[in-house]
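Below is one structure, written out as structure tokens; the observations come after it.
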Amino acid sequence: MNIRPVRYDHPDAVKLNDQVQLEYVERYGDGEGDATPLDAGMFVPPLGLYLIAYDDQDRPVATGGWRTQDANDEGYADGDAELKRMYVVPEARGLGLARRILALLEEDARGRGRTRMVLETGTEQPEAIALYESSGYEPCAKFGHYRCYDNSRCYAKPLF
């Protein structure tokens, strides 16, 4: 596997984002997917980073990114890096790609002076919850776009 940085609006990133949105619709049945406002500039270093893993045939199979967050009215704290769009295509699951991408994102955010990685996921994503908990993330106060939803779960991990 080859993991490399790309822009959030790169065609492969758009393709994987479309796939994860369909999965959100299937899991949550709301027809919307994740409506959190995102744009490519949020993931441009030093403000963030977006990664894609490619298989040995150069097909995009996994993705994830982080973006800078600081204290605001959505519940973020100064120094936060927010994890977004972690996704592995079904045929590449179980290979440890999400864990590898997560570690690279944490390392990059730490190196850019971010002090805490935060993420929001949902109750219909037990695999994601298991990954984050086994990687040292702990439940935290809700933040972000879905902070008022009952099925939302927020996690945080210090990066220092």
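What follows is calculated from the coordinates using simple rules that are stated; it is not laboratory data. Since this is a predicted model, take the numbers as computed values, not measurements. All Cβ positions, glycine included, derive from the backbone under ideal geometry; neighbour counts span all protein chains shown.
Relative contact order for the chain using alpha-carbon pairs under 8 Å, separation at least 6, rounded to a whole percent?
Details: 280 pairs, mean separation 30.9, N = 160.
Normalised by residue count, the contact order of the chain is 19 percent.
Which ³J(HN,Hα) values, rounded to whole Hz and listed in residue order, are derived for segment 80-87 from phi using the Karplus coefficients 6.51, -1.76 and 1.60 in 6.51 cos²θ - 1.76 cosθ + 1.60 with θ = phi - 60°, glycine and proline given as x?
The phi angles translate into 6, 10, 9, 6, 9, 6, 6, 7 Hz.
Which of rounded, prolate, oblate describes segment 2-158, given a ≥ b ≥ c as roots of the alpha-carbon gyration tensor eigenvalues and a/c under 1.5 marking rounded, otherwise prolate only if a/b is larger than b/c?
Details: a/c = 1.43, a/b = 1.14, b/c = 1.25.
Rounded shape, in that the Cα axes give a/c under 1.5.
Restricting to DSSP H runs of at least four residues, report the calculated mean residue ellipticity at 222 nm for the chain, -39500 (n - 2.57) per run over all residues, nearest 500 deg cm²/dmol.
Details: 3 runs with 42 residues, N = 160.
Using -39500 (n - 2.57) per qualifying helix, the result is -8500 deg cm²/dmol.
Nothing charged except the Cβ atoms of Lys and Arg (+1) and of Asp and Glu (-1): what's the magnitude of the dipole of the chain about its Cα centre? Round to the nearest 20 debye.
Numbers: 19 positive and 28 negative charges, 103 e Å.
Dipole of the chain, to the nearest 20 debye: 500 debye.
Defining a contact as two alpha carbons under 8 Å apart and six or more residues distant in sequence, what relative contact order in percent does segment 62-131 show? Walk me through the numbers on the way to the answer.
Working: 89 pairs, mean separation 23.6, N = 70.
In percent, rounded to a whole number, it is 34.
Residue by residue through segment 100-108, what is 3J(HN,Hα) from phi via Karplus (6.51 cos²θ - 1.76 cosθ + 1.60, θ = phi - 60°)? Round to whole Hz and write x for glycine and proline.
Once θ is set to phi - 60°, the couplings for segment 100-108 become 5, 5, 4, 4, 5, 5, 4, 4, 5 Hz.
As a footprinting exposure proxy, order ASP39, ASP34 by other Cβ within 10 Å, with the fewest listed first.
Details: ASP39 10, ASP34 18.
Result, fewest neighbours first: ASP39, ASP34.
What list of ³J(HN,Hα) couplings, whole Hz, do you get for segment 117-128 from phi and the Karplus terms 6.51, -1.76, 1.60, once you set θ to phi - 60° and write x for glycine and proline?
Ordered by residue, 3J(HN,Hα) equals 9, 10, 7, 10, 9, x, 5, 8, 10, x, 5, 5 Hz.
If one computes the Cα centroid of segment 109-149 and of segment 20-91, what distance in Å separates the two points?
Between the Cα centre of segment 109-149 and that of segment 20-91, the gap is 12 Å.
Which residue, THR68, THR115, THR123, tops the fluctuation ranking in a GNM of the chain built on C-alpha contacts under 10 Å?
Of THR68, THR115, THR123, the Gaussian network model singles out THR123 as fluctuating most.
Of LEU47, LEU102, LEU119, which is the most mobile in a GNM of the chain whose springs link Cα atoms less than 10 angstrom apart?
Sorting by GNM fluctuation, first place goes to LEU47.
List the residues, sorted by chain then number, that are 5 or more residues from MET86 or on another chain and whose placed amide H is less than 5 Å from its amide H.
Here GLY65 satisfy the definition.
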